[in-house]
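Quick note: the coordinates plus some simple rules give every number you see, no bench work behind them. Just so you know, these numbers come straight off a predicted model, no measurement behind them. Glycine gets a Cβ as well: all are built from the backbone with ideal geometry, and neighbour counts include every protein chain shown.
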Amino acid sequence: MKTAKFSRLGFILAAVGSAVGLGNIWKFPYVTGEYGGGAFVLIYLITALFIGVFVLISELLIGKLGQSDAVSMFENLATKYKKIWKFAGFVVIVPLLILSYYSVIIGWILHYITISFEKLPSTVHESKATFMALLQTDYQTQLFYHTIVFVLVTAIILKGVKNGIEKINKILMPLLGIMLGILFIYSINVDAFSDAVTFMFNPDFSKLTSTAVIVAIGQAFYTLSLGMGIIITYAASLPKQSNIVRSSLIISIIDTIVALVAGLIIFTLLFDKGAESTKGPGLVFISLPSVFYEFGKAGEFLSILFFVAIAFAGITSAISMMEPAVLYLIQRFNMTRKKAAIICSIFFYVLGIITLFSNITDFAPALKVGSKTFFDWVDFVCSTILVPFGGILVVIFVGYFMDKQKIRKELTPLMGKTFLSIWFFMIRYVIPFALIAVILNETGLFKF
Ligand code: PHE
């Protein structure tokens, strides 16, 4: 079954829309804070460029040559063991799992837009109390916003590649760019901007641990939406004449710029008001709102702009998480888009509700497995095991199980012979081991 294709610009915007998300604006700044600033940023840049771009090229290649859903592409393109490789395509379930809690977090962000309009917390103390109340007791609000995200994402996916995904990205991505631009220009004029620059770009290698390197690799993967069949699926709707090497560079450069700009904005504001907490997931939801408060009237405006920007970034990533599984159901089971979309969205919606309740104090004990909440488990299993594992499958597949002639024919004109050899070497001999190291380290099986 053939679905509509992206336009060239539409594809880039959709892929950037998927890549730029909470990972850039929420996670990148807080892991940078946690792992000591500049040295971490440098390692992240190197890994995003080498590992990220190389895997991105691999995923775009599978999509461009495969032109189908993820499961069929692995099956059709494999030179041997087709029936086994088919199972690699089932990574499409991973983004749906991620979406279950990602949607809850977008819900918090939507709630913070209303807080910015009404009344920002005046101290970090109050800010912490506000966030904890939302997280641990206020399931009604969380459920309300989770439902809004569910309806929005489903509605967009129902409209398909061209009229849904491409269209929404063409609207939201430029708006996101403008909003970040305004926030960035504002921060440049704040005194602490230079401190933020020093913090992010002046590497202190004594702070660099092997764990930081591993976290940087994981972050590069997560932020580029790799290892989950997403880029593969989007690339299957690429127009014929597109250049996948150029596309992969554009996607990763924009994604990286957004992460750096978001980091600079956040650290400038935090440092300017002397906020000491620059670490952990609470950075955006706890430290930042009370800092916005200290900026007075301008702060309210900045806060609204900031949370709307992350909401947009989150929504465009969220829709990309659903499309791979939807396309799989359409192609393999001959389902209508409507039926496929409804099945997938109910799946993530229900799972999201369990996730959300696992943070609510009264329900938490029942939804705790071992030392982690259900929420933490889904995040842990997906981000630290399944995503790197999906990445390993992609590079091994392209490196060892695809027709080399076909790959050469597609890529040599785009990157030349030397670069092609480097790329081949990386995906065959370097990246699989780097990703195994990520899984071992993060699961605690072996600490580097
Ligand atoms: N890349 C997105 C981000 O940085 C996250 C994401 C994960 C998107 C998985 C799609 C799939 O927020």
- Task: Set the Förster distance to 35 Å, then compute FRET efficiency between Ile185 and Lys240 from the Cβ-Cβ distance, nearest 0.05.
- Result: 0.35
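For Ala155 and Arg8, what is the calculated FRET efficiency with R₀ set at 22 Å and r taken between the beta-carbons, to the nearest 0.05?
Plugging the Cβ-Cβ distance into 1/(1 + (r/R0)^6) gives 0.30.
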- Please report, in whole Å, how far the alpha carbons of segment 186-261 spread along each principal axis, starting with the longest. 48, 34, 17
- Item | Full-extension gain in nm, Lys207 to Leu440, via 0.36 nm per residue minus C-alpha separation | 81.7 nm
- Task: Counting only C-alpha contacts under 8 Å and six or more residues apart, can you give the relative contact order of the chain as a whole percent?
- Result: 34
- Message: With the cut-off at 20 Å, tell me which of the pairs Lys167/Lys338; Lys240/Lys417; Lys64/Lys409; Lys27/Lys119; Lys64/Lys338 have Cα atoms farther apart than that.
- Response: Lys240/Lys417; Lys27/Lys119; Lys64/Lys338
- Query: Hey, fewest Cβ within 10 Å first, where do Ser210, Ser371 land in order?
  - Reply: Ser371, Ser210
- Message: Taking the beta-carbon count within 10 Å as an exposure proxy, list Lys273, Lys339 from fewest neighbours to most.
- Response: Lys339, Lys273
- Alpha-carbon centroids, segment 89-111 and segment 302-351: separation in whole Å: 8
- Item | Under 17 Å from the Cα of Lys297 - aspartates and glutamates, other chains or at least 8 residues apart | Glu118, Asp272
- Taking a ≥ b ≥ c as the square roots of the eigenvalues of the Cα gyration tensor, with a/c under 1.5 meaning rounded and otherwise prolate when a/b exceeds b/c and oblate if not, segment 293-417 is prolate
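How would you rank 142-151, 313-322, highest first, on the average number of other Cβ atoms within 10 Å across their residues?
313-322, 142-151
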- Compute the whole-percent fraction of alpha carbon pairs in the chain spaced more than 41 Å apart. 13
